[in-house]
Each structure stands twice: as C-alpha cells, then as structure tokens.
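Novice: Once you've had a glance at the structure underneath, I'll fire off some questions.
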Amino acid sequence: MASEPGMVIVGAGECGARAALTLREEGYDGPVTLIGREPHLPYERPPLSKDLMLGTEHPAARIVIDEDRLKKAGIDHLARSEAAAIDRQARHVVLENGLRLPYEKLLLATGCQPRRLPAVANNSRCVTLRTFDDALAIRTHLHRGVRLVVVGGGFIGLELAAAARQLGCPVTVLEAQPRILMRGVPEEIAGIIDARHAAHGVHLHCGVSIEAITDTPAGIAVELKDGAAIEADIALIGIGAVPETALAERAGLAVENGIAVDAFLQTDDPAVFAAGDCCSFPLALYGGRRVRLEAWRNAQEQGALAARNMLGAKEAHAAVPWFWSDQYDLGLQIAGLPDEGRETVRRDMGNGALILFHLAADGRLVAASGIGPGNTVAKDIRLAEMLIARRASPPRDRLAAPEAKLKTLLAA
Ligand code: FAD
C-alpha cells in the first residue's frame, strides 16, 4: 500500500475504474489506489436489471477490470473498504479501519444509493436494485408465478418488470406521477413503452400513492391511499436514486444536487475532483445548466476526463448526455436533454421505430429521443448526437423525412 502521496479514488464503480485506467494510459507512474465498499472487482451495473435477470439463477457480474489487469496496471484495489473521512488539510483519506491514505489528488466517484421508502426499511420482501448483490438476491426470488410489485415507473423498475414478465411472474407497476418515465422521456415515447408493458400483461397504475406495505401470511400487501390493496410476494422499490455525498459533505465540500464541480470536474478544493453519478456539473451545451446524470457512458467519460484533469490537462467537459434502456425487444436511446426543446419534429422510420428531434426556440437541435426494435435507432441517434454537439439547426422537413440521411445534414 502506498505511503507516498498518489492518486486516490473513492468508489470502485464504472467511473472510478475508468479513472484509474486512464491515469495509467496517460503515463502517470505514481501510486494509484481505488477504494471500494463492495466486495467485488469493478463491474457493470446496466446488465443487473436486464440480461443478468434473464440468465441463469447464479449469474456472474460483468467485470470492468479483472485482477490481472489491475495488477499489470499497478492499481491498488481496496475492496470492502469504506472511506470514512477526508482530512483535506493533511490530504489524507481516512478509511473506516483508521488507515490513512495520503493523496496528491483525490477523485470522488461515489455514485448513488437507491432512494428508500422509510416505511418499509426493515421489510426483507421490499428490495432495491443497485448492486450485484441486490441483483443476485432478487434473481433468486423471481420464479414463475412469484408476484412482483414494482413501486416507481422509472427505468430500473420498468426493466425489472420486463425481465420478471419474461420469467413468468405476474407484475404490477405503481407510479405516483400521471405517467411513467416523467423525468427525461417524452410522453409519446413513454406511451409506447407503457403500451408494450400492457401488451406483455403488466398491470400499470399511474397517479397512485402508497399508504403502507404490510406483511401478510402469504407475502405482502401494498396498500394504496385510495383504499385498494395489491397482494404480492416481493416489492421492488424503484423510486430513484440519491447521490452519495456524505463523505464530501463531512469534508465541507460544496454539494448541490450532488457534489458540485466545475467544467473541469474540480470541486471547490483544487486537489479534489468528483465525477459520475455522484456529481453535478455545468453543461456548456445548455448555457452552463447544472445537471447530474445517472448514465453509464457519462460515468465512463467523466472518469477519464477527471483523470486527465487530475494530471493537469485543464480539459472542459463537452460531451452530449446519452442514455439507453432495453425493455422486451424495445431499445430506447436519448441524446441531449429533451426538456431543453420547445418544438418536436417526428421521424417515423418504419418497423415501429421513431425518433423525436427536440428543437430549441431558435431552431437548434438540443436532443433526440428514439425508440424501436433492438438497435434500430442507434445509428441515427449517434448522428443526431453529433449534430447536437455542433449546435446545428437542421431543416425541419429534412429531420422529419426518413429518406433524408442525417449524415448529409452533418456534412452540410
Ligand atoms: P457507481 O456505479 O454507483 O459506483 C460507485 C461506487 O462507489 C459504489 O460501488 C459504491 O459502493 C462506492 N462507494 C460510495 N461511497 C463510498 C465510500 N465512502 N467508500 C468506499 N466506496 C464507496 N445507465 C445507462 O446509461 N443505461 C442503462 O441501461 C443503465 N442501466 C442501469 C441498471 C441498473 C440496475 C443500475 C443500478 C444502473 C443503470 N445505469 C444505466 C446507470 C449506470 O450504471 C450508472 O450511471 C453508473 O454505474 C455510474 O457509475 P459510477 O461509478 O458513477 O457510480
């Protein structure tokens, strides 16, 4: 373990792992320490609610860096280790076991925690899904006929609902808002996803609030405020995630819907950076609007960017937000921030696939949301993303026409 100050990363998820590798790729040869609370090697979270649920009952995690690669790169991975405090004056990270790790630069890549429903905190039949261990526990429950209630119509809940239906489980989804996917997904696209769940036999109820979840002899009863009750065997609480900011807050760093960083992912302490799901940052593309993204590619990109800036690159964040979700045979992809749009242009691509182009008041393309079977929208969303990055204002009629190649708009 390093006794001389080096690069210390708290959080061995997608972002922390990418940052550690980038430090080496950029030629840094001092100590690199990756501290992670979980017992596993860094792994991918997206499969947890998708392939992993549909595969065998004893699935393996999809590892981001294996032992061999960690060893070859000279990255010291401390698993099962909780960073308890940051002594900013001494530039030490203090582990729960009292160990002090000196740092030259520190990266906080602490991710998120599922938002809890306090009323069900101690009910073992009410579960959340964030970690590989959560996924394993849920997977062992999901057998044909096991009744699942999903509280919250967000991505993770809906992906789990789709997987559970495919495993033969009766599924009910309860959403407090008037529709599913209220945050960040246009209504038209949410409607397509809603209809697909209904076609697969999911009972979806929007605009409902939960009064309590109680134990019954056969399982649990989810009691709604309107007096109705739904019997189930297991409930997934999927009501969003909250950024892990406790360590930063205790260290007196600014927190504003996540650990607040500037365009270089630097906190208000020049020796401390934050990246990935845990941080909020200004998006230059949208006039410096401060956002926090919970997205796999963002975690990767910001991990790499933070590492370069820890080495002094002074490179500002410039990537376009991008997110995907898979449910049944449907692939959803969103580039940019749809809520920045004031007008929508629809392109029907045939085969049930469509893309909505979101334009700002001045006609600039600010986002594109696509949905279709499998990967059908992927290529065009990628091209739209490039148009967004260029701040292009493509003609509306060309955007609407499926025969007009987005590539030619890019060339123009
Ligand atoms: P995390 O992956 O959360 O890693 C942070 C790590 O830090 C955790 O392991 C945590 O235990 C550790 N940590 C926190 N505090 C401490 C501490 N004090 N000491 C030590 N360790 C600490 N994104 C998409 O774009 N598309 C998808 O389809 C998609 N599907 C998803 C499905 C699921 C089930 C989940 C949970 C997420 C999904 N995501 C998806 C989101 C994506 O996985 C996240 O954006 C990404 O994992 C964020 O990476 P991160 O490294 O910032 O945070």
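The values are calculated or read from the model by the stated rules, or taken from the named source; none is laboratory data. What you see is a predicted model; the values in this text were computed from it and never measured. All Cβ positions, even for glycine, are placed from backbone atoms using ideal geometry, and neighbour counts span all protein chains on display. Accessible surface areas use protein heavy atoms only, side chains included; no ligands, DNA or RNA. Shrake-Rupley method; radii C 1.70, N 1.55, O 1.52, S 1.80 Å.
Novice: Could you list which residues have their amide H under 5 Å from that of E104, counting only those 5 or more apart in sequence or on another chain, with H placed in the peptide plane?
Specialist: Those qualifying (amide H under 5 Å, at least 5 residues apart or on another chain) are G6, M7, V8.
Novice: Provide the per-residue ³J(HN,Hα) series for segment 344-358, in order, calculated from phi with Karplus coefficients 6.51, -1.76, 1.60 and θ = phi - 60°, each as a whole number of Hz, with x at glycine and proline positions.
Specialist: After applying 6.51 cos²θ - 1.76 cosθ + 1.60, I find 10, 10, 9, 10, 8, 9, x, 6, x, 8, 8, 10, 9, 9, 9 Hz.
Novice: Okay, next question. Mind grabbing the accessible area of I193 for me, 1.4 Å probe, Å², rounded to tens?
Specialist: 10 Å²
Novice: How much accessible area does H40 have with a 1.4 Å probe, in Å² rounded to the nearest 10?
Specialist: Using a 1.4 Å probe on the heavy atoms, I get roughly 50 Å².
Novice: While we're on this one: May I ask you to compute the full-extension gain from A392 to S124, defined as 0.36 nm times their residue separation minus their alpha-carbon distance, rounded to one decimal in nm?
Specialist: 91.4 nm
Novice: How far apart, in nm, are two points set 7 Å out from the Cα along the Cα-to-Cβ line at A360 and at R80?
Specialist: Calculated label separation equals 5.1 nm.
Novice: Using only the alpha-carbon atoms, what does the chain span along each of its principal axes? Please give whole angstrom values in decreasing order.
Specialist: 65, 60, 37
Novice: Enumerate by residue number the trypsin sites (Lys or Arg not before Pro) in segment 251-317 meeting two conditions: DSSP loop (anything except H, G, I, E, B), and at most 12 other Cβ atoms within 10 Å of the site's Cβ.
Specialist: Sparse-neighbourhood loop trypsin sites (Lys or Arg not before Pro): K314.
Novice: Search the structure for amide H atoms under 5 Å from the amide H of G240, placed 1.01 Å from N in the peptide plane, and list their residues when 5 or more places away or on another chain.
Specialist: Residues meeting the amide H criterion: R115.
Novice: Whenever you get a sec, compute what percent of the accessible area on segment 1-69 sits on carbon and sulfur atoms (1.4 Å probe).
Specialist: The C+S portion of the solvent-accessible surface of segment 1-69 is 48 percent.
Novice: Rule-of-thumb check for segment 278-404: C-alpha Rg over 2.2 N^0.38 Å?
Specialist: Relative to the 2.2 N^0.38 Å estimate, segment 278-404 comes out at 1.11.
Novice: While we're here: Just the accessible area for T376, please: 1.4 Å probe, Å², rounded to the nearest 10?
Specialist: About 60 Å², rounded to the nearest 10.
Novice: Next question, about the same structure. Would you list F273, F323 from the most to the least accessible area, probe 1.4 Å?
Specialist: F323, F273
Novice: On to the next question. Over the chain, give the accessible area per residue in Å² for a 1.4 Å probe, as an integer.
Specialist: 43 Å²
Novice: At a 1.4 Å probe, what is the % contribution of carbon and sulfur to the accessible area of segment 154-206?
Specialist: With neighbouring chains kept in place, the figure for segment 154-206 is 53 percent.
Novice: Can you give the helix-only mean residue ellipticity at 222 nm for the chain, where every DSSP H stretch with n ≥ 4 adds -39500 (n - 2.57) and the sum goes over all residues, rounded to the nearest 500 deg cm²/dmol?
Specialist: About -7000 deg cm²/dmol.
Novice: About the Cα centre of the chain, how large is the charge dipole given +1 on each Lys and Arg Cβ and -1 on each Asp and Glu Cβ? Please answer in debye to the nearest 20.
Specialist: 760 debye
Novice: Return the equivalent ellipsoid semi-axes of segment 111-211 as a descending list in whole Å, where each equals the square root of 5 times an eigenvalue of the C-alpha gyration tensor.
Specialist: Result for segment 111-211: semi-axes of 21, 17, 13 Å.
Novice: Once phi is turned into ³J(HN,Hα) by the Karplus curve 6.51 cos²θ - 1.76 cosθ + 1.60 with θ = phi - 60°, what whole-Hz value does each residue of segment 327-338 show in order, with x for glycine and proline?
Specialist: Coupling constants for segment 327-338: 9, 6, 8, 8, x, 10, 9, 10, 10, x, 10, x Hz.
Novice: Karplus couplings for segment 280-287 from phi (6.51 cos²θ - 1.76 cosθ + 1.60, θ = phi - 60°), rounded to Hz, Gly and Pro as x?
Specialist: 3J(HN,Hα) across segment 280-287, in whole Hz: 10, 8, x, 9, 4, 4, 10, x.
Novice: For a quick check: with amide H placed at 1.01 Å from N, whose amide H comes under 5 Å from L283's, ignoring anything fewer than 5 positions away on the same chain?
Specialist: Here the answer is G288, R289, R290, V291, since their amide H atoms fall under 5 Å of that of L283.
Novice: Could you tell me what fraction of 2.2 N^0.38 Å the Cα radius of gyration of segment 329-411 comes to, as a two-decimal ratio?
Specialist: That works out to 0.97 for segment 329-411.
Novice: Follow-up question, since we're still on this one. In terms of Cα to Cα distance under 12 Å, which aspartates and glutamates are near enough to K225, apart from those fewer than 8 places away along the same chain?
Specialist: Answer for K225, where 12 Å is the Cα cut-off: E211, listed by chain and number.
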